[in-house]
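Q: First the structure, which I've put down as structure tokens, then a few questions once you've had a look.
The values are calculated or read from the model by the stated rules, or taken from the named source; none is laboratory data. This structure is a prediction, so every number in the text was calculated from the model and none was measured. Backbone-built Cβ (ideal geometry, glycine too); neighbour counts: all protein chains shown.
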Amino acid sequence: MTNQGADNIQKDQMLKTVKESEAETTIVMLPSDANPLGNVFGGMILKYVDLIAGLVAKRHAGHANIVTASIDSMTFSKPVYIGNALILKARINYIKRSSMEVEVNIEAEDLNKSQKVLTGTAYVTLVALDEKGKSTEVPKLILQNKEEEERFLEGENRMEQRLKNRKEKKKV
């Protein structure tokens, strides 16, 4: 078991595990969620991705106001149809002072056939704000196994790439 940033952690600073904040939800897709041919709108799926990512970040940060900074690497690899159960599984991968990367895996379950298929993955960056709207520190992560350590490093690399991309866009 390792603590992210353990050298800088004060004894009174809170630590949380990935499991403490993860979430899963299931929503049946209705005709109002889809186009006339029965494909669920990507924007509808994004809405649920944003909601569950915000829930995970709020569970982790506690008292802070949570806002979405970015949603990137959202892929729709398979369609979701009217009548499917949309299953979203979310977990924190990476923490950087006030920002958190939440990974959301999206499945569609054909309820008539009892078959599930991975339909997409999204990486959502959320920021914790204090009552004055300024970024505020969130608890560090306790990484409990190799998988969590790998996800943390991958999240760190994605965060560095996001910051690099933002700097390049400002130059243009």
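Q: Kindly indicate the residue of segment 87-112 that is charged (D, E, K, R) and within 20 Å of residue 129 (Cβ to Cβ) and also farthest from the chain's Cα centre (by Cα) among those meeting that condition.
A: 97
Q: Now a separate question. Tell me whether segment 91-101 contains one or more residues that are within 14 Å of residue 25 (Cβ to Cβ) and not in a loop (DSSP other than H, G, I, E, B).
A: Yes, some residue in segment 91-101 is within 14 Å of residue 25 (Cβ to Cβ) and not in a loop (DSSP other than H, G, I, E, B).
Q: For residues that are under 25 Å from residue 131 (Cα atoms) and either touching a Phe, Trp or Tyr at 6+ places or on another chain (Cβ under 7 Å) or among the small types (Gly, Ala, Ser) (or both), tally how many sit in segment 32-63.
A: 5
Q: Condition check: in a strand (DSSP E or B) and buried (at least 18 other Cβ atoms within 10 Å of the Cβ). Does residue 69 satisfy that?
A: no
Q: Something else about it: Given the structure, is residue 105 assigned to a strand (DSSP E or B), at pLDDT 95 or above and closer than 15 Å to residue 46 by Cα?
A: Yes.
Q: Six or more apart or on different chains, Cβ atoms under 6 Å: show the pairs whose first residue is in segment 27-55 and in a strand (DSSP E or B) and whose second is of a type in the set (Val, Ile, Thr).
A: Here the result reads 34/40; 34/82; 40/80, each pair linking segment 27-55 to a residue that is of a type in the set (Val, Ile, Thr).
Q: In segment 123-137, which residues are within 19 Å of the chain's Cα centre (by Cα) and either at pLDDT below 95 or not aliphatic (A, V, I, L, M) (or both)?
A: Hits for segment 123-137 are 123, 125, 135, 136, 137.
Q: Considering segment 128-172 alone, what residues qualify as being of a type in the set (Lys, Arg) and surrounded by 13 or more Cβ atoms within 10 Å (Cβ to Cβ)?
A: 140, 151, 158, 162
Q: Here is a follow-up. For segment 86-97, state whether one or more residues are of a type in the set (Phe, Trp, Tyr), in contact with a helix residue (DSSP H, G or I) (Cβ under 8 Å, 6 or more places away or on another chain) and either under 13 Å from residue 60 (Cβ atoms) or surrounded by fewer than 14 Cβ atoms within 10 Å (Cβ to Cβ) (or both).
A: Checking segment 86-97: at least one residue is of a type in the set (Phe, Trp, Tyr), in contact with a helix residue (DSSP H, G or I) (Cβ under 8 Å, 6 or more places away or on another chain) and either under 13 Å from residue 60 (Cβ atoms) or surrounded by fewer than 14 Cβ atoms within 10 Å (Cβ to Cβ) (or both).
Q: Can you find a residue that is out of contact with any His (no Cβ under 6 Å at 6 or more places or on another chain), within 18 Å of residue 19 (Cα to Cα), among the hydrophobic types (A, V, I, L, M, F, W, C) and part of a helix (DSSP H, G or I) anywhere in segment 143-156?
A: The answer is yes, given that some residue of segment 143-156 is out of contact with any His (no Cβ under 6 Å at 6 or more places or on another chain), within 18 Å of residue 19 (Cα to Cα), among the hydrophobic types (A, V, I, L, M, F, W, C) and part of a helix (DSSP H, G or I).
Q: Within segment 97-126, which residues are farther than 17 Å from residue 52 by Cβ, touching a residue at least 12 places away in the same chain (Cβ under 8 Å) and not basic (Lys, Arg)?
A: Once the filter is applied, which keeps residues that are farther than 17 Å from residue 52 by Cβ, touching a residue at least 12 places away in the same chain (Cβ under 8 Å) and not basic (Lys, Arg), segment 97-126 yields 98, 99, 110, 111, 112, 117.
Q: A further question on this structure: Taking segment 108-122 on its own, how many of its residues are of a type in the set (Ser, Thr, Tyr) and not in a strand (DSSP E or B)? Steps first, please.
A: First, pick out the residues of segment 108-122 that are of a type in the set (Ser, Thr, Tyr): 114, 119, 121.
Right, trim to not in a strand (DSSP E or B) and you get 114.
So the answer is 1.
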